[in-house]
Amino acid sequence: MIEKLSTAAEVMFGAQEAKCELHRWRLRLRCTNRAAEEILAELRDSGLENKWRDSKQPVHDAISYLERTTPSACASPGPCVSVCRLAAALSRSRARPWSVSA
């Protein structure tokens, strides 16, 4: 999931600001129950769903992923997972921009 959000953030905010926005999204996913829905709305509202980058549509891909994995975004129960599982996947991610090495 981080890979999808990361490339979407680069398209939406540019390479420099993308790291800060990705960090903000990660914190929200770990701290609030509705974060996935809010990020999904932010992706949709960007108007960049159909923007291509390196033969891919990163914002579209992130939207599709969140729609498949966020329970409230689904029209029917099916293959959705809980927001807690999304947050757990984030916490296992290798890239942690807020961690400090000793």
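Looking at region 25-41, which of its residues are assigned to a helix (DSSP H, G or I) and among the basic types (Lys, Arg)?
Answer for region 25-41, where residues must be assigned to a helix (DSSP H, G or I) and among the basic types (Lys, Arg): 26, 28, 30.
Can you confirm whether region 86-95 contains a residue that is at pLDDT 95 or above, among the charged types (D, E, K, R) and under 17 Å from residue 22 (Cβ atoms)?
Scanning region 86-95 turns up no residue that is at pLDDT 95 or above, among the charged types (D, E, K, R) and under 17 Å from residue 22 (Cβ atoms).
For residues in region 47-79 being crowded, with 16+ Cβ neighbours inside 10 Å and in a loop (DSSP other than H, G, I, E, B), which is modelled with the lowest pLDDT?
Checking each candidate, the answer is 70.
The values are calculated or read from the model by the stated rules, or taken from the named source; none is laboratory data. Predicted model only: the values in this text are computed from it and were never measured. Note that we place each Cβ from the backbone using ideal geometry, even for glycine, and neighbour counts take in every protein chain shown.
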